[in-house]
1. In segment 1-53, which strands (runs of 3 or more DSSP E) lie fully inside it and hold 2 or more residues that are among the small types (G, A, S)?
2. Within segment 145-168, restricting attention to residues that are surrounded by fewer than 20 Cβ atoms within 10 Å (Cβ to Cβ) and in contact with a Pro (Cβ under 8 Å, 6 or more places away or on another chain), which residue is farthest from D183 (Cα to Cα)?
3. Do you know which of the residues in segment 123-140 that are in contact with a helix residue (DSSP H, G or I) (Cβ under 7 Å, 6 or more places away or on another chain) and among the small types (G, A, S) is farthest from C106 (Cα to Cα)?
4. Step by step: first the residues of segment 118-147, then only those that are over 22 Å from N202 (Cα atoms) and assigned to a loop (DSSP other than H, G, I, E, B), then the one that is farthest from the chain's Cα centre (by Cα). Which residue is that?
5. Are any of the residues in segment 36-46 within 21 Å of R118 (Cβ to Cβ), within 15 Å of the chain's Cα centre (by Cα) and among the aromatic types (F, W, Y)?
6. What number of residues in segment 61-117 are without any contact (Cβ under 8 Å) to a residue 40 or more places away in the chain, within 16 Å of A162 (Cα to Cα) and in a loop (DSSP other than H, G, I, E, B)?
7. What are the pairs with Cβ atoms under 6 angstrom where one residue, in segment 202-217, is touching a residue at least 40 places away in the same chain (Cβ under 8 Å) and the other, located anywhere, is outside any loop (DSSP other than H, G, I, E, B) and surrounded by fewer than 18 Cβ atoms within 10 Å (Cβ to Cβ)? Sequence gap at least six, or different chains.
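The values are calculated or read from the model by the stated rules, or taken from the named source; none is laboratory data. If you're wondering where the values come from, they're calculated on a predicted model, not measured in any experiment. For neighbour counting, all protein chains shown are included, and Cβ atoms are generated from backbone atoms with ideal geometry for every residue, glycine included.
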Amino acid sequence: MAAVLSLQDVRFAWSAHAPPLLHVKAFSVARGERVFLHGASGSGKTTLLNLSSGVLLPQQGRLQLLGHELTTMPSAARDRLRGAEVGYIFQMFNLLPAFNALENVCAPCRFSAAKRQRVAAQGLSVEDAARHLLLALQLDPQQLATQRVSRLSVGQQQRVAAARALLGAPPLIIADEPTSALDHDVREQFLDLLFAQCQKFNIALLLVSHARELGRRFDRSLAWRDLNRAGDT
């Protein structure tokens, strides 16, 4: 199965004189695969995600997203590729507080023609696709249309953030500690809903968390200490 994301001998440090924070010899995520990465907070997992999406570049190694070598691409080209092919669920959700739920979900399609085209291929408008996702994630888009997201519960905000990442069926979803603020039952329900949407559109999911017990839900579970060899260099 073709890799959506591939890292080979990737090394990263914050400066030329700083010790290496990250050294990943080999790591990949296949199309439609659900991969869980667990490790302590502050250990460098978020840095890996930022490298994987081209926000950061390594000092060494190969870093490919859908076959595109990110390390040789100009910054603007990386931004366009990330906007078109990656959905991101942030730990703090990063929703636009002045907008309602539907407006937040639709926002990525304003900046990505590729996502708009994939929505159109489903025979839907962007707004209708957003409504379908909100409903699939057990949110009523009509009820939320008059409410700013800042007035929603944490669980509701989390599902709005997931719908935003899923809109336009990007090949890869990256999720950074998306369940850290949820209790057990809400967390399990959220994962059920997220997995169902990823399976429906054959979306790969890379999720990082310090909550090791989540790994049982994924196709593959990796410990950060086993993936990151920075301490060996």
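1. Working: elements: 3-12, 22-30, 34-38.
Fully inside segment 1-53 and qualifying: 3-12, 22-30.
2. R148
3. This residue is A136.
4. Initial filter on segment 118-147 (over 22 Å from N202 (Cα atoms)): 139-147.
Restricting the remaining residues to those that are assigned to a loop (DSSP other than H, G, I, E, B) gives 139-140, 145-147.
On the way: L139: 20, D140: 23, A145: 25, T146: 27, Q147: 25 Å.
Only one residue tops the list, namely T146.
5. From segment 36-46, those within 21 Å of R118 (Cβ to Cβ) are none; that's our starting set.
Taking every residue of segment 36-46 in turn, none turns out to be within 21 Å of R118 (Cβ to Cβ), within 15 Å of the chain's Cα centre (by Cα) and among the aromatic types (F, W, Y).
6. The number of residues fulfilling the criteria is 1.
7. G215/S221
For (1) small (G, A, S); (2) farther than 23 Å from V186 by Cα, each residue gets a yes or a no:
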| position | (1), (2) |
| --- | --- |
| A98 | yes, yes |
| L102 | no, no |
| L124 | no, yes |
| A129 | yes, yes |
| L133 | no, no |
| D140 | no, no |
| R148 | no, no |
| V154 | no, no |
| Q158 | no, no |
